[in-house]
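Taking it in order: structure first as C-alpha cells, then the write-up.
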Amino acid sequence: MKITVGSEAPARRAVTVRFVPQDAQGKVIPAVSEAEFSGKENALFYARHERVLHVGLGARAKIDSAIFRSAAGCGDDLSQEDRRASFGLAAR
C-alpha cells in the first residue's frame, strides 16, 4: 500500500480518502442517506464509481489528533482488506 498526501489529483487507480465531520454528512457526493453514512466517528462510505472513501470524524467540536489517527486507521483497514495499490488523502 502507498499513501500520498497532497493537493494534486491522486493516481488513476488510487482511492481518495475524504474525512467528513458529522455536520458535513449532507455534502457527500454522491448524496447518501444518513442511515447509509452518518458522519459519526469512523463511519465509512465507499463511493465505488468515484473511488472515494468517506470516513466520518464525528462532532466537529470534538475532532482532535486521536480522532484523525483513528479515522486514518479505518482507511488502512479497508486497504488491507481490498488490497488497493495506493490511497490519496483529501483534506478540505
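Every read-out reported here was derived from the displayed coordinates using simple, explicitly stated rules and does not represent laboratory data. No experiment lies behind these values; they were computed from the predicted model shown. A quick note on method: Cβ atoms are made from the backbone with ideal geometry, for glycine too, and the neighbour counts reach across all protein chains shown.
Taking Lys and Arg as +1 and Asp and Glu as -1, the other residues whose beta-carbon sits under 14 Å from that of Lys40 total -2.
Want the number for Arg60 to Asp23: 0.36 nm per residue separation, take away the alpha-carbon distance, what's left?
Details: separation 37, 0.36 × 37 = 13.32 nm, distance 0.72 nm.
Stretched out fully, the Arg60 to Asp23 stretch lengthens by 12.6 nm.
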